[in-house]
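Worksheet: the structure to be examined is printed underneath.
Where a number appears in this text, it was derived from the coordinates with a stated rule and is not lab data. All of these numbers come straight from a predicted model, not from anything done at the bench. Cβ coordinates were reconstructed from backbone atoms using ideal geometry, including for glycine residues, and neighbour counts include every protein chain displayed.
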Amino acid sequence: MKTVKEIISSAMPEKLEYPPPSEDHAGHIVYLASKGYTKLAADHILHKEMHGHLRETVGNVIRQLNFTFNYSFIQEKNERTIILCGRIYNVLLNIALNLAGFEKEIIGFSDEEAEDAIKMVMDALRGMEEYERKSPIGKGDAPIAKAVVEIFLSEMKKVMEEYYRPPGSMVAYVAREIEKKIDEKNVLNSFLTSAIEQIRNNVYYRMSTAGMCKFGNDYALGLRWLRHLGFVQVSTNPSLAAIAYTDDPTQWEGFREEDLCSDFKTIIKEQKDLLEDPEAFSDDIAAYATEVSIWRNLVVFRPIAIASKMYHGMISLQLNPNIADNYEESVRYALKFYKDAEDFLRRYDSYLLWGYSETEERGRPNIVFKVAGSSPASIDITRKLESLGIGTNNTVTFTVSQEVELILAKMEGRAEAVKKGIPLTTVYETNMGGRLDDHLREVQAEKLLSRALEKIKDKESALKDLAAKLNALEEVESKETVEDMIRTISSRKYLRPINKEPLIEFLARSGVPFSSEEKVKDFLEKLEHDIEHCGILVTKRVYEIFFSPQNVPKWISYLSSKYGLTSKQAEEVLKGIDVLPASKRHPRETLLTLSGTNMTHTEFPNHQMNVLSTSLEKGFDIQEYRESVLKELDPGILRRLTEEWVDIKEEFIRSYELTSHQQEILKEAEIQDWSR
């Protein structure tokens, strides 16, 4: 015999009528929820046309759901009663969380109307749970309410559950914190109270509502909860999509977490030619798997994308890296995927936006395509897609010159689009700062080890001894040359940070750069400190070139003159370009590069946890980090990187400097002091 939780978990949504048979907004929400589309139903309320009608609409929803809830218990006890009541609980919980989270700020509901609606929902849930406890199903308990909450929290706990990286994901941590405060005698209200407390005390929610920065998720799970906290963007790629399948295997069978999203097995079975020779069509199969995984991302952020006119809610999807150097194939791939997304979203929007203004465009994908900046074709691909009003997110970018060149390409493409009247979206220029730090650290470690080995006769034995202390022996023993051994030990896998005790001892024994372990330790600690700021310095430099208060008016003038734009059009071109720091290793990489304009931070789940932990430390004050991207770091860091750290200074300078052509463009735009 199935448990209540198993009954609710296994219940699949019922087929929706098309077009929807609804007659009013409350009835539409009830229709969607009763069919099993509870998140879509709750998101329907997130629309600017709901201003001034929120209390009335929520009240009407509660009236209808409360009647259905009571009526269902009068009927014979069966699985249908459990499923329907579970859906009623679920939609009301999601409505309350939508109104308690950052979505309220984007839609523009007042604090008063949102709080009134939340109180109405909580009062309704309290009454329903009490009724359940008195029913033959409850028998003094609330098994349906408990099951709904348990399922909700279990979805949050899936984030990085299998693909664990210390200290784990923030979303899973929050789920455990909510769980601690659930009252078994008042499950739904205690859950909501605890959840809302977690939202409003979270550092990301506080920074988002204070307008300090925008944030994105560098992962494919936990998105709805992050949306409540103020996350407005998602970065994904084939490897992250694969990880999502590992953390949440239900994606193979279909999405119970998000609504109207097809499952991979169903889609792939329809492509019989691919299954006949899967190896030959491996790229196509991977594309379908990525496509299926991206639909969930699109629908979670759909309400805020539409409400903000594509300023928020953009989903970054990586183009096939195997064709990154091929302009024609990359553009063809992007347009095909964009068309598939448009077809899917037209149907989704027919339910999400039912009853709202017909002048509002349906189906436009809230997608930007990740274009690898390492490819020579990236500039032309970026320019072309942007000219069509299809946004890009340039990735695999580490250096100032790379990012400047690609932002200039975005400007040109966006200028062409805006002149045609094409509405623009937010687009991104990724700075993979942590990758730059890792590269410089590895270069430095290789050079230190090589110099130390000059004084050692049995180099292989010495390296194996060091490798054993760094837990790298198995991999090092598989290498055939000393150079390969050095390269392996120096990798970020084993020497991040560089100031590890075994390396300190190894270098000191050879007198590199000192014979004193204390001096070597001090040397490596300062070196590590400076290396950890390289990506931050690149982010700050790119941001200041384009988006500092003194330079924005100059770029607006430049764009107006070069492309024949009005000032308003030029402002629109510039406003929607965000620097996107990524691949971060330390909370400072977020906290030292915040800005309320032209900046979105994409965060891996364990990095989010590290930032949250930092915010909980005694004396932490988020106001100290307001517009931190424009605040100068210790000038000694840049001086040492460009002068003192001789092993890596040329590498760093190449990452930090502009090309002569770029300097000429900046001169033309009257951007001063960038001719280092």
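Can you list residues from other chains, or at least 5 along the same chain, whose modelled amide H is less than 5 Å from the amide H of PHE102?
Long-range HN contacts for PHE102: LEU229, GLY230.
Rounded to the nearest 0.05, what FRET efficiency is calculated for ARG639 and ARG487 with R0 set to 30 Å and r the Cβ-Cβ distance?
Values: r = 29 Å, r/R0 = 0.98.
Efficiency at R0 = 30 Å is approximately 0.55.
Just to confirm my numbers, what's the Cα centroid distance between the range 305-335 and the range 426-474 in Å?
So the two Cα centres are separated by 35 Å.
Of ILE45, ALA582, LEU503, which is farthest towards the positive pole of the chain's charge dipole, taken about the Cα centre with +1 and -1 on the beta-carbons of Lys, Arg and Asp, Glu respectively?
About the Cα centre, the residue reaching furthest to the positive side is ILE45.
Return the sequence-ordered ³J(HN,Hα) values of the range 120-130 in whole Hz as given by the Karplus equation 6.51 cos²θ - 1.76 cosθ + 1.60 applied to θ = phi - 60°, using x for Gly and Pro.
Result, rounded to whole Hz: 4, 4, 5, 5, 5, 5, 4, x, 5, 5, 4.
What percent antiparallel are the DSSP beta bridges of the chain, to the nearest 5? The partial results should precede the final answer.
Details: 1 of 30 bridges.
For the chain, the DSSP antiparallel bridge percentage is about 5.
Tell me, what is the FRET efficiency for LYS618 and GLU197 to the nearest 0.05, using R0 = 25 angstrom and their Cβ-Cβ distance as r?
Values: r = 20 Å, r/R0 = 0.80.
The pair LYS618/GLU197 has a calculated efficiency of 0.80.
Taking the Cα-to-Cβ direction at ILE456 and at ASP522 and moving 7 Å from each Cα, how far apart do the two end points lie in nm?
It is 2.5 nm.
Assuming R0 = 41 Å, what is the FRET efficiency of PHE67 and LYS419, from their Cβ-Cβ distance, to the nearest 0.05?
Values: r = 55 Å, r/R0 = 1.33.
Efficiency, from the Cβ-Cβ distance: 0.15.
Using only the alpha-carbon atoms, how far is helix 79-100 inclined from the longest principal axis of the chain? Give it as 0 to 90 degrees, nearest 10.
Long axis of 79-100 versus the principal axis of the chain: about 50 degrees.
With a cut-off of at most 14 other beta carbons within 10 Å, and DSSP calling the residue loop, which chymotrypsin sites (Phe, Trp or Tyr not before Pro) in the range 525-634 qualify? Please list them. Write out the running numbers ahead of the final one.
Details: sites: TYR543, PHE546, PHE547, TRP555, TYR558, TYR563, PHE620, TYR625; in loops: PHE620.
Qualifying residues, ordered by number: PHE620.
What dipole magnitude, in Debye to the nearest 20, does the chain give about its Cα centre under +1 on Lys/Arg Cβ and -1 on Asp/Glu Cβ?
Values: 88 positive and 109 negative charges, 188 e Å.
Rounded to the nearest 20 debye, it is 900 debye.
List the residues, sorted by chain then number, that are 5 or more residues from ASN186 or on another chain and whose placed amide H is less than 5 Å from its amide H.
none
Which far-off residues, 5 or more places away or on another chain, put their amide H under 5 Å from the one on ASP578, with H placed in the peptide plane?
Distant-sequence amide H within range of ASP578: VAL427, TYR428, GLU429.
Quick check: the angle from helix 534-547's long axis to the longest principal axis of the chain, C-alpha only, nearest 10 degrees?
70
222 nm [θ] for the chain, helices only, -39500 (n - 2.57) per DSSP H run of 4+, per residue, to 500? Don't skip to the answer; put the middle values down first.
Working: 34 runs with 395 residues, N = 676.
The helix-only estimate for the chain comes to -18000 deg cm²/dmol at 222 nm.
Which of the lysines could a cross-linker span from LYS500 if the Cα-Cα distance has to be under 27 Å and same-chain partners fewer than 8 positions apart are dropped?
Counting by Cα, and skipping residues close in sequence, LYS500 has these lysines nearby: LYS447, LYS455, LYS457, LYS459, LYS464, LYS469, LYS479, LYS519, LYS521, LYS526, LYS584, LYS649.
For the range 584-676, what are Rg and Dmax over the alpha carbons, in angstrom?
16.8, 48
Give a quick list of trypsin sites (Lys or Arg not before Pro) in the range 92-145 that DSSP marks as loop, anything other than H, G, I, E or B, with at most 11 other Cβ atoms within 10 Å. Don't skip to the answer; put the middle values down first.
On the way: sites: LYS104, LYS119, ARG126, ARG133, LYS134, LYS139; in loops: LYS139.
Answer by residue number: LYS139.
Show me the ranking of peptides 74-81, 459-466, 281-288, 192-199 by mean Cβ neighbours inside 10 Å, starting with the highest. Kindly include the intermediate steps, with their values, before the conclusion.
Numbers: 74-81: 11.9, 459-466: 17.5, 281-288: 15.2, 192-199: 19.5.
Ranking, from highest mean packing down: 192-199, 459-466, 281-288, 74-81.
Just name one of SER110, TYR219, VAL396: the one whose Cα is farthest towards the positive end of the charge dipole of the chain (beta-carbon charges, Lys/Arg +1, Asp/Glu -1).
The listed residue farthest towards the positive side: SER110.
Quick check: residue separation of LYS667 and TYR131 times 0.36 nm, minus the Cα distance between them. What number comes out in nm? All intermediate terms of the calculation are to be shown ahead of the outcome.
Numbers: separation 536, 0.36 × 536 = 192.96 nm, distance 7.25 nm.
Additional length available on full extension: 185.7 nm.
In percent, what relative contact order does the chain have, based on Cα pairs under 8 Å that are 6 or more apart in sequence?
Details: 1057 pairs, mean separation 84.0, N = 676.
It comes to 12 percent, rounded to a whole number.
Could I get the Rg over Rh figure for the chain? Both from C-alpha atoms, Rh via Kirkwood, rounded to two places.
Details: Rg = 27.1 Å, Rh = 27.1 Å.
The Rg/Rh ratio comes out at 1.00.
Between the range 111-135 and the range 342-405, what's the alpha-carbon centroid distance in Å?
Value for the Cα centre distance between the two parts: 40 Å.
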